[in-house]
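Heads up, the thing below is written out as structure tokens.
The values are calculated or read from the model by the stated rules, or taken from the named source; none is laboratory data. Everything numeric here is computed off the predicted structure, so don't read it as measured data. FYI the Cβ positions are ideal-geometry reconstructions off the backbone, even for glycines, and counts take in every protein chain you see.
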Number of protein chains: 2
Amino acid sequence: MKVMKGKQSLEFENPPYLKGWSSVVGEKEGEGPLGQAFDQVIDDPLFGEETWELAEGRFMRQAALLAIQKAEITKNQVRYAFAGDLLEQIMATSFGIKDLEIPLFGLYGACSTAGESISLASMTVAAGYADHALALASSHIGSAEKQFRFPLEYGSQRPLSATWTVTGAGGFVISKEKSPIKVRGITTGKIVDYGVKDSMNMGACMAPAAAEVIYQHFNDFAMTPDDYDAIYTGDLGEVGKEILIKLLKDNGYDISKVHGDCGIEIYQDETQDTHAGGSGCACSAVVLSSMITRKMINGGWKRVLFVPTGALLSKTSFNEGETVPGIAHGVLLEREEL
Amino acid sequence: MKVMKGKQSLEFENPPYLKGWSSVVGEKEGEGPLGQAFDQVIDDPLFGEETWELAEGRFMRQAALLAIQKAEITKNQVRYAFAGDLLEQIMATSFGIKDLEIPLFGLYGACSTAGESISLASMTVAAGYADHALALASSHIGSAEKQFRFPLEYGSQRPLSATWTVTGAGGFVISKEKSPIKVRGITTGKIVDYGVKDSMNMGACMAPAAAEVIYQHFNDFAMTPDDYDAIYTGDLGEVGKEILIKLLKDNGYDISKVHGDCGIEIYQDETQDTHAGGSGCACSAVVLSSMITRKMINGGWKRVLFVPTGALLSKTSFNEGETVPGIAHGVLLEREEL
């Protein structure tokens, strides 16, 4: 068997497993449709810290510790951490998990970080470089609005195409030890730039990148939408979802029956005033570590393609009038009958 | 043979090779002591672009294309790129290499990025996930000063402990095909925080992280300073170098005879007014891809430990009064007699 699959994918010879996973979220997420599925809801948005940035780091730290605990291992058994967040110089990661003292590969994949970190942790474990590796991603509405738009305190209005940044963090222990969910393979995305410049419509910025990586995934694995119980994008929201489905239909694949979007699932716009959906690195991470993994363990789902999506913008790129390119990373998860 | 070596290292069973490497730098770097060793010196600090950020991206793109060309492969043969820079949301990487259309793992490791990207690219190739992978790192004095301190246009004064951000980018094609330099193994760093808060003295912030990873490397590989022709840290500068040597001496290793620092080599303070030395992701990257690789090819060096060092700070962490933790990533390079 050849591990390199098609043009852009890997299919692991010795697939690694999701051994433990965690979802730690804020109050608003706890009040949403998935509220009951999360491991921990933290009502204090500052999580006992003095700044939004340190608060986000605290969410990540908590997700890390909980994932390790749920994997029934100890911190010292984790050989590598792969982690990232949305902030400049990934400040939440650096300050959040520095005390864990785990060798760290810091990542920046915007909101695709959960896909990037799980991909790299899976590659690491499948290659025999570690028995256990940790994948982490976090975001926070307070730190993200301050970073990319305006401080929350300004009370700025948001257009209906805007998404709401998820406060929280997800953690995944990827392990060589068998568990009910295995990482069969990955499809790694390229940067895709369709020239969209509206940072309040990130779904439109990211949908082309998601379409490209899903299209390539089908080709590389010689599968079609019918072969999946679900295909979950990260945070396209209502606007991006439509574009994604159309782009893939134009290229011969109809994913409308199996597609879901983590950003759409996590809030209920009618009552929560979140507009197009949730976003942020934590969005896809905590939906995977709650609802999606539950459906795979108890709900009969046998094969899921998880595709977190990232919008590659910064305050500076926005102010300098640049476009918002997208990236997406696909992870192929399968139920393992033990 | 076991690929996991000691606590924090890997020793590859099928070591990957540095197949091609490139150094593209700015005018000041071209005028420094290593000027003749660089592949390309670009006199225009904007490299034909309109902003410092896009200029930095252009340096990275050029380094990527040149490394691919020097490796005698084509862009389409590169299965993955591992790349990062210092800017918020790694803007130089996103905009610099988006047109290359190579599946990308975006990294943030501050000035340790060259070590992080070469480590991950090496892990990827050694595991059979790619025949060729690209490792990239860039920095730019204009974008970095604007990002972390004040725009260059303000003409702010700098203390003698400050370093000068290197303008440029280094690229490395890591390959399964034999070449004169192999990556025997890696030692991956943890975040180390000694509580230093002075962002104008980054050498002091990073030296403890470098000391820890070098100490662990010696232990994991059961080697001592005498076993190396050179041990090169990234950008500790004169102040950090002293601290590093003392910290390791206190722990039983005297590296003073074999230690060099890329930041000290790249400028001549007396004539270039750069103070404690060079810094930035490009600093270690371009010194490796010029002087260090030359000494390994023609100068008789058979074993080098390359340890880029990163200071984990952001404008926000600085303004909020946080410390500046450090991280360092070790790459063990050996001359291969073909």
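Within region B:1-26, the set of residues being touching a residue at least 60 places away in the same chain (Cβ under 8 Å), farther than 20 Å from B:Glu72 by Cα and not hydrophobic (A, V, I, L, M, F, W, C) comprises B:Lys5, B:Gly6, B:Lys7, B:Gln8, B:Ser9, B:Glu11, B:Glu13, B:Asn14, B:Gly26. Residues that are touching a Phe, Trp or Tyr at 6+ places or on another chain (Cβ under 7 Å) and over 20 Å from A:Met60 (Cβ atoms): does region A:264-272 have at least one? Within region A:264-272 (the criterion being touching a Phe, Trp or Tyr at 6+ places or on another chain (Cβ under 7 Å) and over 20 Å from A:Met60 (Cβ atoms)), the answer is yes, since at least one residue qualifies. Checked against the criterion of being away from chain B (no Cβ under 13 Å) and part of a strand (DSSP E or B), the candidates A:Gly106, A:Gly170 yield just one match: A:Gly170.
When the residues of region B:236-266 are filtered to those that are closer than 29 Å to B:Ile141 by Cα and of a type in the set (D, E, K, R), the one that is modelled with the lowest pLDDT is B:Glu238. Taking strands (runs of 3 or more DSSP E) as the structural unit, those lying wholly within region B:1-68 and holding at least 1 residues that are in the same structural domain as B:Trp164 (by TED's automatic domain parsing) and closer than 23 Å to A:Tyr80 by Cβ correspond to B:9-11, B:17-26. Take B:Ala114 and decide whether it is in contact (Cβ under 8 Å) with a residue 40 or more places away in the chain, within 14 Å of chain A (Cβ to nearest Cβ) and buried (at least 24 other Cβ atoms within 10 Å of the Cβ). Here the answer is yes, as B:Ala114 does meet what is asked.
Just to be sure, is B:Glu29 within 14 Å of chain A (Cβ to nearest Cβ) and either of a type in the set (Lys, Arg) or buried (at least 16 other Cβ atoms within 10 Å of the Cβ) (or both)?
Answer is no for this residue.
B:Glu49: modelled with pLDDT of 95 or more and under 20 Å from the mean Cα position of the chain (by Cα), yes or no? For B:Glu49, the condition - modelled with pLDDT of 95 or more and under 20 Å from the mean Cα position of the chain (by Cα) - is not met. Please verify whether A:Val287 is over 19 Å from A:Val41 (Cβ atoms), buried (at least 19 other Cβ atoms within 10 Å of the Cβ) and among the aliphatic types (A, V, I, L, M), treating the condition exactly as stated. For A:Val287, the condition - over 19 Å from A:Val41 (Cβ atoms), buried (at least 19 other Cβ atoms within 10 Å of the Cβ) and among the aliphatic types (A, V, I, L, M) - is not met.
Considered as a group, the residues in region A:72-100 that are without any contact (Cβ under 8 Å) to a residue 12 or more places away in the chain and either under 23 Å from B:Val125 (Cα atoms) or not basic (Lys, Arg) (or both) include one that is farthest from the other protein chains (Cβ to nearest Cβ), and that residue is A:Thr74.
Can you confirm whether B:Arg158 is surrounded by fewer than 24 Cβ atoms within 10 Å (Cβ to Cβ), over 17 Å from B:Leu236 (Cα atoms) and more than 13 Å from every other protein chain (Cβ to nearest Cβ)? Taking the combined requirement at face value, the residue does not satisfy it. Selection within region B:177-196: residues that are within 13 Å of chain A (Cβ to nearest Cβ) and more than 19 Å from the chain's Cα centre (by Cα). The member of this set that is surrounded by the fewest Cβ atoms within 10 Å (Cβ to Cβ) is B:Gly195. Listed by position, the helices (runs of 4 or more DSSP H) inside region B:214-328 whose residues that are within 14 Å of chain A (Cβ to nearest Cβ) and under 22 Å from B:Arg158 (Cβ atoms) number at least 1 are B:281-287, B:315-319.
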